[in-house]
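Inspection log for the structure reproduced underneath, given as structure tokens.
The values are calculated or read from the model by the stated rules, or taken from the named source; none is laboratory data. Every value quoted in this text rests on a predicted model; they were computed, and no experiment measured them. Positions of Cβ are generated from backbone atoms using ideal geometry, with glycine treated the same way; all protein chains shown enter the neighbour counts.
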Amino acid sequence: MNKEIELLVAMCNSNRNNFSAEDLAALLKLKFVEGVYPYVRKLKEATLIEQKERGIYSINEESEKVVIIRFMLKVFGDEIDLLFTTHTKRVLERFSIKPILAATELPYSNLRLVKDIAKKTRILYYKKEGNSTIYVLRTWEEPTQKLLEFFGIKLNFDPEEHKLRFTKLISTFGAKQSHLKDGRSGELAQLNMQAYLEGKDFIVNKLRVQALSELSVIDALTSMKTKKGSAALF
């Protein structure tokens, strides 16, 4: 993480409104207060913080980047340390060109970071397929959209086509699962995944709290549909 962004995240993660230079140096665990001034200057130039009076600084709450950081803190807590880094920006730039990538298509030096992002933040979906792992950029989810906006990354593909392709990909995986045994398993998986995508706000919150997999979602949605159908008979 760039030191100035690390400082801004730490400021947002505190319960304070005003900070002295000494406070800011302490947030970065700097031995000397003079070491914080280069980062303060960069944040001021980017209008991310304001100098209220001599030696006192505050967060610019009207900055869109500050709004995004606060949103991500609420969603992911301390896990956002993974996200606001130069390395993560480069990973997202790669996925912004090709949103579905096998592990073999990624630089070896990025694999640990990609795995951590997928497992801890769900910005990326992942699925084991044979001897490899498939990673998918979750462009339909708000945290992903916010992070792309923070870094100023534009998608070089149609998000709706990507969503459709992901639905088909999940259908392929779902059809292979033993718990979907009827002849329409692939169709059922696709319908349920489409429902998941269309109702993403509810599902994302549920996934974040309970750490459910997409296939668990398929089961849950199928069960809900079955119960509603049964209730309609009476």
Point to revise | Residue tally, condition buried (at least 18 other Cβ atoms within 10 Å of the Cβ) and over 24 Å from residue 65 (Cβ atoms), over segment 80-105 | key: 2
Study note, to complete from the structure: Here the residues within segment 38-59 that are assigned to a strand (DSSP E or B) and either surrounded by 11 or more Cβ atoms within 10 Å (Cβ to Cβ) or under 27 Å from the mean Cα position of the chain (by Cα) (or both) are 49, 50, 51, 52, 56, 57, 58, 59
**Study point:** Of the criteria (1) more than 19 Å from residue 2 (Cα to Cα); (2) in contact with a helix residue (DSSP H, G or I) (Cβ under 8 Å, 6 or more places away or on another chain); (3) modelled with pLDDT under 95, which one residue 156 fails
**Key:** (3)
Check your understanding: Quick one: which helices (runs of 4 or more DSSP H) sit completely within segment 71-157 and have at least 1 residues that are closer than 19 Å to residue 169 by Cα?
Key -> 86-97, 111-120
Point to revise | Selection count, segment 60-74, where residues are touching a Cys at 6+ places or on another chain (Cβ under 7 Å) and either surrounded by 17 or more Cβ atoms within 10 Å (Cβ to Cβ) or more than 15 Å from residue 14 (Cβ to Cβ) (or both) | key: 2
Check your understanding: Going by the structure shown, is residue 133 touching a strand residue (DSSP E or B) at 6+ places or on another chain (Cβ under 6 Å) and surrounded by fewer than 19 Cβ atoms within 10 Å (Cβ to Cβ)?
Key -> yes
Review point. Do we find that residue 35 is outside the structural domain of residue 136 (by TED's automatic domain parsing) and either surrounded by 12 or more Cβ atoms within 10 Å (Cβ to Cβ) or assigned to a helix (DSSP H, G or I) (or both) in this structure?
Key: yes
Review point. Here are some residues: 106, 155, 101, 82. Which one is within 12 Å of the chain's Cα centre (by Cα) and of a type in the set (A, V, I, L, M, F, W, C)?
Key: 82
Exercise for review: Could you grab me the full set of residues in segment 86-119 that are within 20 Å of residue 130 (Cβ to Cβ) and of a type in the set (Ser, Thr, Tyr)?
Suggested key: 104, 108
**Study point:** Single condition residue 77 does not satisfy, out of (1) exposed (fewer than 15 other Cβ atoms within 10 Å of the Cβ); (2) touching a Lys or Arg at 6+ places or on another chain (Cβ under 9 Å)
**Key:** (2)
Check your understanding: Residue check: is residue 25 farther than 24 Å from residue 144 by Cα, small (Gly, Ala, Ser) and either in a helix (DSSP H, G or I) or free of Cβ contacts under 8 Å to residues at least 60 places away in the same chain (or both)?
Key -> yes
